[in-house]
Amino acid sequence: MALGFIRAGHHHGDGEVNPKEIIYEHLGDAYGWELPFCHDVRIPLPIIVKGTDGWHCFSSSRVTDGGTYAGFTIAEGGDYNGKLVQLQPDGSQYRPLDLSVTKNVAAIFVAALLVVLMVMHVRNWYKRHGMTAPRKGTALLELIVDYVYTDTIRPIMGKEAPKYAPYLLTVFFFILTMNLLGLVVIFPGGANLTGNLAVTMTLALITFFIINFTGTREYWKEIFWPDVPMALKCPVPMMPLIEVLGVFTKPIALMIRLFANMMGGHMVVLVLMLLIFIFTSMFGAVVGGVTTVFSLAFALFMLALDTLVSFIQAYVFTILSAIFISMAHVEPHGHAAEQTKE
Amino acid sequence: MELFTPQFGLVFWMFIAFLALYFVLAKYAWPFIIKSMEERADLIDKGVVYAQQAKTHLDNARAEADKLLGEARQQQAEIIRDANKMRTQIIEDARGEAAVEAKKVSDAALLSIDQARKESEKQLRAEMSEIALQIAEKVIRKNVDNDQAQRELVEKYLNEVETKN
């Protein structure tokens, strides 16, 4: 990682360190995937774009080093900094519909593949060994599955647990794998997936859809005509307004929580590392050397903490999804509630 | 700020990847894994109950075995006592019978001895009288005329002798 920084430093500013640029480069997406410890060598990835003249598909290696291919190039600065743009005849930049398999997309595929391999491994154990208890790594996976399903999903969802468990377990393992892959600094990790708003937004959107498409009549009634004194819902629909807001804040909270936690962890480690270079350039080698020791120690601590956070955030996303989904499946209140209302 | 503006391409691929992952795992893995885990949990629960029952059975069986063993010991002792009694009885019976038999045998022997003695006495008497007669004949041949009268005399003396004995 440090080596990458040194090279990055060399790249961008003739010895000058530009922390902001380095941080965003490491947290952001990219066309092409850097090989470990070689800032210049990138694995080319397919670029799929729909420009003004239709669909284009070509290798990222044609544009990553400032090249232009079929009118497409990667913008430097401006509104679309670091993104693929199509140069228009009048000199302006047009941002095409970009479905490229970027570094993050490739990392998503890697994570998905890893999840499939892990889960199928557990499944195959049961296929082959029947009732025998799994051993070693399989046992660890089974322990996690058991913890998430038996100790979390089932108590929350009750009878509905088997129906939603596949979704919730998939979410948990997918987020966990993406979190942990993000902590691995070199290929095939190193992509800041769950610290990317697009990824957490997609996950939160799916939970949002499940909550609202499977919600019962009672759930909608409680939103638009809640069980509160009349003054609070008519003529000014104050409570309905709050409830409707709640429908959207729940998934947004899910999205922001995961995103902020993971990105924050990454950013702290990056900043700690950059401190070495900033202090060295400001105060000289001795201060830089001392900073190195502290920075490395703290970065190591942060990475250990992030490993814990990876589990916690995956778990929190899953448990909150389970709670929100089961909350949308409310049944009408019993007679006691009816009587108090009358 | 790229980090805060979700790129459509990433959302698109994320959505596809997640759905694909979900459908593969929901179809082939999760239900099977959950079912297997629950089955195994049930199996283990049943095993524990079974083991507890087995332990109770074993304890009961041990108590029963001890009881049976005690009864068997008692019976054994009784049988031995009976056998001893019977042995003594048999020996005593045998002894009694043997005594009776022995008495019979000795009585018979005594009888035959008595008979034999009488027989021999008779014979001896005959021989004695013969010898005595011969002796007397030789001693007092001349004085004896009537053989018959002499024989009676001798007989008379012999009787005397015999009663003396």
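The values are calculated or read from the model by the stated rules, or taken from the named source; none is laboratory data. It should be emphasised that the depicted structure is a prediction, and the values quoted were computed from it without experimental measurement. When we count neighbours, we look across all protein chains shown, and the Cβ atoms used for this are built from the backbone with ideal geometry, even at glycine.
Which residue, of A:ALA231, A:ALA198, is part of a helix (DSSP H, G or I) and touching a helix residue (DSSP H, G or I) at 6+ places or on another chain (Cβ under 6 Å)? Give the derivation first.
On the way: A:ALA231 fails: touching a helix residue (DSSP H, G or I) at 6+ places or on another chain (Cβ under 6 Å).
Criteria check complete, one pass: A:ALA198.
Matching residues to (1) at pLDDT 80 or above; (2) among the hydroxyl-bearing types (Ser, Thr, Tyr); (3) surrounded by fewer than 12 Cβ atoms within 10 Å (Cβ to Cβ); (4) in contact with a Leu (Cβ under 8 Å, 6 or more places away or on another chain):
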position: A:MET1; (1), (2), (3), (4): no, no, no, no
position: A:PHE5; (1), (2), (3), (4): no, no, no, yes
position: A:TRP55; (1), (2), (3), (4): yes, no, yes, no
position: A:THR64; (1), (2), (3), (4): no, yes, no, no
position: A:TYR69; (1), (2), (3), (4): yes, yes, no, no
position: A:ALA75; (1), (2), (3), (4): yes, no, no, yes
position: A:ASP79; (1), (2), (3), (4): no, no, yes, no
Quiz item: Does at least one position in segment A:33-40 carry a residue that is at pLDDT 80 or above and in a loop (DSSP other than H, G, I, E, B)?
Solution: no
Quiz item: For segment B:127-145, does any single residue satisfy the condition of being in a helix (DSSP H, G or I), in contact with a Phe, Trp or Tyr (Cβ under 9 Å, 6 or more places away or on another chain) and surrounded by 10 or more Cβ atoms within 10 Å (Cβ to Cβ)?
Solution: yes
Exercise. Could you check A:ILE242 against (1) under 22 Å from A:THR194 (Cα atoms); (2) surrounded by 13 or more Cβ atoms within 10 Å (Cβ to Cβ); (3) of a type in the set (A, V, I, L, M) and say which number it fails?
Key: (1)
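Listed residues A:LEU180, A:LEU176, A:LEU193, A:LEU169; which is at the interface with another protein chain (Cβ under 10 Å from one of its Cβ atoms) and assigned to a helix (DSSP H, G or I)? Break it down into steps so the answer makes sense when it comes.
On the way: A:LEU180 fails: at the interface with another protein chain (Cβ under 10 Å from one of its Cβ atoms); A:LEU176 fails: at the interface with another protein chain (Cβ under 10 Å from one of its Cβ atoms); A:LEU193 fails: assigned to a helix (DSSP H, G or I).
Every option except A:LEU169 fails the conditions.
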Exercise. Evaluate segment A:198-213: report whether one residue or more is of a type in the set (Phe, Trp, Tyr) and surrounded by 13 or more Cβ atoms within 10 Å (Cβ to Cβ).
Key: yes
Quiz item: In segment A:114-132, what residues are within 8 Å of another protein chain (Cβ to nearest Cβ), farther than 20 Å from A:LEU168 by Cα and touching a helix residue (DSSP H, G or I) at 6+ places or on another chain (Cβ under 7 Å)?
Solution: A:TYR126, A:MET131
Exercise. Sort through B:ALA26, B:ALA41, B:ALA20 and tell me the only one that's assigned to a helix (DSSP H, G or I), closer than 21 Å to A:TYR149 by Cβ, more than 53 Å from the chain's Cα centre (by Cα) and modelled with pLDDT of 90 or more.
Key: B:ALA26
Quiz item: Quick one: how many residues across segment A:67-110 are without any contact (Cβ under 8 Å) to a residue 24 or more places away in the chain and polar (S, T, N, Q)?
Solution: 5
Quiz item: Of the conditions (1) more than 14 Å from chain B (Cβ to nearest Cβ); (2) surrounded by 16 or more Cβ atoms within 10 Å (Cβ to Cβ); (3) modelled with pLDDT of 90 or more; (4) more than 27 Å from A:LYS20 (Cα to Cα), A:PHE317 fails just one. Which one is it?
Solution: (1)
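Quickly run through segment A:135-148 and pick out the residues that are at the interface with another protein chain (Cβ under 9 Å from one of its Cβ atoms), over 22 Å from the mean Cα position of the chain (by Cα) and touching a residue at least 12 places away in the same chain (Cβ under 8 Å). Step through it out loud before you land on a result.
Within segment A:135-148, the subset at the interface with another protein chain (Cβ under 9 Å from one of its Cβ atoms) is A:142, A:145-146.
Still in the running and over 22 Å from the mean Cα position of the chain (by Cα): A:142, A:146.
Hit for segment A:135-148 is A:GLU142, nothing else.
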Quiz item: Which pairs have Cβ atoms under 7 Å, sit 6 or more apart or on different chains, and link a residue in segment A:111-134 that is assigned by TED's automatic domain parsing to the domain that holds A:ALA314 and outside any helix (DSSP H, G or I) to one that is of a type in the set (Phe, Trp, Tyr) and surrounded by 13 or more Cβ atoms within 10 Å (Cβ to Cβ)?
Solution: A:PRO134/A:TRP125
Quiz item: What tally of residues in segment B:29-38 results from selecting those that are small (Gly, Ala, Ser) and assigned to a helix (DSSP H, G or I)?
Solution: 1
Self-check item: Failed item in (1) surrounded by fewer than 21 Cβ atoms within 10 Å (Cβ to Cβ); (2) within 10 Å of another protein chain (Cβ to nearest Cβ), with A:ALA111 passing the rest
Solution: (1)
Quiz item: Can you tell me how many residues in segment A:72-99 are within 10 Å of chain B (Cβ to nearest Cβ), among the hydrophobic types (A, V, I, L, M, F, W, C), within 18 Å of A:GLY28 (Cβ to Cβ) and assigned to a strand (DSSP E or B)?
Solution: 1
Self-check item: Where A:ILE211 falls short, out of the listed (1) within 14 Å of chain B (Cβ to nearest Cβ); (2) closer than 25 Å to A:PHE248 by Cα
Solution: (1)
Exercise. For segment A:42-71, enumerate the residues that are under 12 Å from A:LEU87 (Cα atoms), assigned to a strand (DSSP E or B) and small (Gly, Ala, Ser).
Key: A:GLY51
Quiz item: Condition test on B:LYS35, is it surrounded by 12 or more Cβ atoms within 10 Å (Cβ to Cβ) and more than 7 Å from chain A (Cβ to nearest Cβ)?
Solution: yes
